[in-house]
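Take a look at the structure set out below.
The values are calculated or read from the model by the stated rules, or taken from the named source; none is laboratory data. Everything numeric in this text was worked out from a predicted model, so none of it was measured. Note: ideal-geometry Cβ built from the backbone for every residue, glycine included; neighbour counts use all protein chains shown. Keep in mind that these areas ignore ligands, DNA and RNA; they rest on the heavy atoms of the full protein, side chains included. Shrake-Rupley method; radii C 1.70, N 1.55, O 1.52, S 1.80 Å.
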Amino acid sequence: MLNTRSTHYWLWTLLFGLVAGLAKGFGSEFAVVTATGLIGLLTTIPALRSFGRIYDLIIGLVFTVLGVLGILTSFPLAHNLGITASGYILGLSLGIPYSLIHTVLGLTSLNHGMKAPSTPATVAVATERAANAA
């Protein structure tokens with residue numbers, strides 16, 4: 001069954017990785033986005049699920065920081081400081097459309113990583129004898 005976390009990484013991999021790579025050509029941007037999305041998908045497998053939360057926190061922090069940095073470099077004040085948005089960090093573009101996408105993907109991953117782990121629902125049913133004894 002798909003939950004919101006696995007849906008997030010499926011969309012990350014397919015839409016922002018593979019489809020965007022096919023449309024624009026596979027460069028470092030789309031290779032990194034596809035690879036990080038695939039790793040996110042792998043951490044939904046039961047055997048690797050214990051690594052999912054830490055992966056969400058790390059990748060969420062990296063993508064959020066790089067996204068916000070890219071957004072900040074698009075303002076005119078950043079050009080006066082010598083920072084440009086034409087560069088790449090860790091294979092990710094600092095250009096404004098990409099930075100917005102990185103920020104959303106990163107914040108969503110951070111949200112998944114900071115949620116409390118779900119616990120299975122349990123129901124306690126008392127037998128008639130136990131109910132009469134109490």
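Rounded to the nearest 500 deg cm²/dmol, what is the calculated helix-only ellipticity per residue at 222 nm for the chain, with -39500 (n - 2.57) per DSSP H run of length n ≥ 4? Provide the component values of the computation, followed by the final result.
On the way: 7 runs with 80 residues, N = 134.
After summing the helix terms and dividing by residue count, I get -18500 deg cm²/dmol.
For Leu90 and Val65, compute 0.36 nm times the residue count separating them, minus their Cα-Cα distance, and round to one decimal in nm.
Details: separation 25, 0.36 × 25 = 9.00 nm, distance 1.18 nm.
Length gained, Leu90 through Val65: 7.8 nm.
Ignoring any ligand, DNA or RNA, what whole percent of the accessible area of the chain comes from carbon and sulfur when the probe is 1.4 angstrom?
On the way: 6280 of 8570 Å².
Reported share for carbon and sulfur atoms: 73 percent.
Put a dot 7 Å past each Cα toward the Cβ at Ile39 and Ala116; how far apart are the dots in nm?
Inter-label distance under the simple model: 2.9 nm.
When the chain is treated as a GNM, springs tying every alpha-carbon pair under 10 Å, which of Leu107, Leu94, Leu11 comes out with the largest mean-square fluctuation?
Leu11
Given points 7 Å out from each Cα along the Cα-Cβ axis, report the Val125 to Val19 separation in nanometres with one decimal.
Simple spin-label model gives 4.5 nm for this pair.
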